[in-house]
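Encoded as structure tokens, the structure appears first; notes follow it.
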Amino acid sequence: MKFIVSSSQLLKQLQVLGGVINSNNTLPILDNFLFELTENQLKVSASDLETTMSAMVDVESDSTGSIAVSARLLLDTLKTFPDQPLSFKTEGDNTIEISSDQGKYDMAFFSGDEFPKAVSLSSPNSTTIPANILATAISKTIFAAGNDDLRPVMSGVFFQFSSESLTFVATDAHKLVKYTRTDVTANETTEFIMPKKPLNLLKGILNGANTDVTIEYNNSNAKFTFDNFVLVCRLIDGKYPNYEAVIPKENPNKLTVDRASFLNSVRRVSIFSSKTTHQIRLKMAGTELNISAEDLDYANKADERLSCDYHGDDMQIGFNSRFLSEMLNNLSANDVLIEMSLPNRAGILTPIDGTDEGEHITMLVMPVMLNS
């Protein structure tokens, strides 16, 4: 097995695939990249058993073969080369020789047959989404997904496709984000829960990509195909909670405020909040919003005033400042609308501007009890 490949081309693809590999694998073979050569096409794969990702690289070759090569060793070596053609050649005693302008390097390889095969989806449904829309949907929702191993369904993002819209939802029971696109639709109604790891990988690759992503899915797996990449992952098993039931419908108290100044105030005031609860207090009256926090343990206290547009009864409500600043940070609008009903009911954040046509974002944050 012998091929010649551009060092920068190969490194670019391997760095993306390197994100799949876990730092402590149960199977030693998973610390390797799988190289499958079919003449001028080299297919490189990486897997952690749950997620398998592969990329095609153009090479010069007239041979075929399949080997597994140490990921860490190969990445560390390739990072040191300037862009140049590298020649890879397998030797008889399970070593592969890499030749560059500077010299020769030998490393051990394993047989490609030992590497776990990617799952092939039987009778999948399929939907095509522009890459930039999928990347935005992931980045707008993934921060709200939970980390609780006892509730695995909440540790992923819920994909809900229909012939009218595509909806992406994430929640950890304290905050919830619902991102909907009515300008992209699916052929049939379906829903599944995607784990965080493959979504983070997709977010990194798709950012700024000008291509379409084909998503194929069945009950247990999903497959994403775009450009020269294919990602197959296992879905989270279980039923997603009925998120619509927790979004309050009647919210008579409406607060409109400049997002950037509100975010800066929340960040500043939260420095003085309790390190265990991160609680800040919002007090609305007329056209004034009062943001305050205090840490009784250390006698720290902060109080700020912002001008705002408020319609409703004068009220005070407490929020966790970390959740609030995460949400405000994730929006790109100039102004945000916060709708509330009672101090013990969830607040709803929506951007007033800065969204594309057909794009709808609803964010929900649960209140915290105020120490009166």
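The values are calculated or read from the model by the stated rules, or taken from the named source; none is laboratory data. Note that the structure is a prediction, hence the values are computed from the model and not measured. Glycine also receives a Cβ, built like all others from the backbone with ideal geometry; neighbour counts cover every protein chain displayed. In case anyone asks, the SASA skips ligands and DNA or RNA and just uses the protein heavy atoms, side chains included. Shrake-Rupley method; radii C 1.70, N 1.55, O 1.52, S 1.80 Å.
Before moving on, here are some points about what is shown:
- Restricting attention to segment 290-328, the residues that are of a type in the set (Phe, Trp, Tyr) and loosely packed, with under 13 Cβ neighbours inside 10 Å add up to 1.
- Near pairs, Cβ below 9 angstrom, 6+ apart or cross-chain, from segment 236-249 (at pLDDT below 95) to any residue that is among the acidic types (Asp, Glu) and open to solvent by less than 70 Å² (accessible area, probe 1.4 Å): Pro248/Glu339
- The one condition in (1) on the phi < 0 side of the Ramachandran plot; (2) open to solvent by 50 Å² or more (accessible area, probe 1.4 Å) that Leu49 fails to fulfil: (1)
- Neighbours by Cβ (under 6 Å, 6+ apart or cross-chain): first from segment 12-25, farther than 14 Å from Leu73 by Cα; second open to solvent by 30 Å² or more (accessible area, probe 1.4 Å): Val16/Ile205; Asn25/Asp31
- When residues of segment 52-67 are limited to those that are hydrophobic (A, V, I, L, M, F, W, C) and under 18 Å from Pro85 (Cα atoms), the one surrounded by the most Cβ atoms within 10 Å (Cβ to Cβ): Val59
- One residue from Ala131, Ala118, Ala108 being among the small types (Gly, Ala, Ser), under 30 Å from Leu199 (Cα atoms) and at pLDDT 90 or above: Ala131
- Count of residues meeting criterion [open to solvent by less than 40 Å² (accessible area, probe 1.4 Å) and either outside any loop (DSSP other than H, G, I, E, B) or in contact with a helix residue (DSSP H, G or I) (Cβ under 9 Å, 6 or more places away or on another chain) (or both)] in segment 119-129: 2
- Of all residue pairs spaced 6 or more apart or on separate chains, those with beta-carbon atoms under 6 Å, a first member in segment 273-292 that is under 14 Å from Ile338 (Cα atoms) and a second member that is part of a loop (DSSP other than H, G, I, E, B) and open to solvent by less than 40 Å² (accessible area, probe 1.4 Å) are Leu289/Cys308.
- Residue within segment 131-154 that is part of a strand (DSSP E or B), touching a residue at least 60 places away in the same chain (Cβ under 8 Å) and crowded, with 17+ Cβ neighbours inside 10 Å present: no
- Considering residues of segment 230-254 that are assigned to a strand (DSSP E or B) and open to solvent by 20 Å² or more (accessible area, probe 1.4 Å) only, the residue farthest from Ser45 (Cα to Cα): Lys254
- Residues being part of a strand (DSSP E or B) and touching a helix residue (DSSP H, G or I) at 6+ places or on another chain (Cβ under 8 Å) - total across segment 267-288: 2
- As for segment 170-180, it holds at least one residue that is more than 19 Å from Ala131 (Cα to Cα), touching a residue at least 60 places away in the same chain (Cβ under 8 Å) and open to solvent by 70 Å² or more (accessible area, probe 1.4 Å).
- Looking only at residues of segment 79-108 that are under 33 Å from the mean Cα position of the chain (by Cα) and touching a residue at least 12 places away in the same chain (Cβ under 8 Å), we find that the one that is least open to solvent (accessible area, probe 1.4 Å) is Phe81.
- Segment 201-224 residues that are more than 18 Å from Ala186 (Cβ to Cβ) and modelled with pLDDT of 95 or more, paired with ones that are among the acidic types (Asp, Glu) and in a loop (DSSP other than H, G, I, E, B) (beta carbon under 6 Å, 6 or more apart): none
- Residue match in segment 217-227 (condition: closer than 19 Å to Gly358 by Cα and of a type outside the set (Phe, Trp, Tyr)): no
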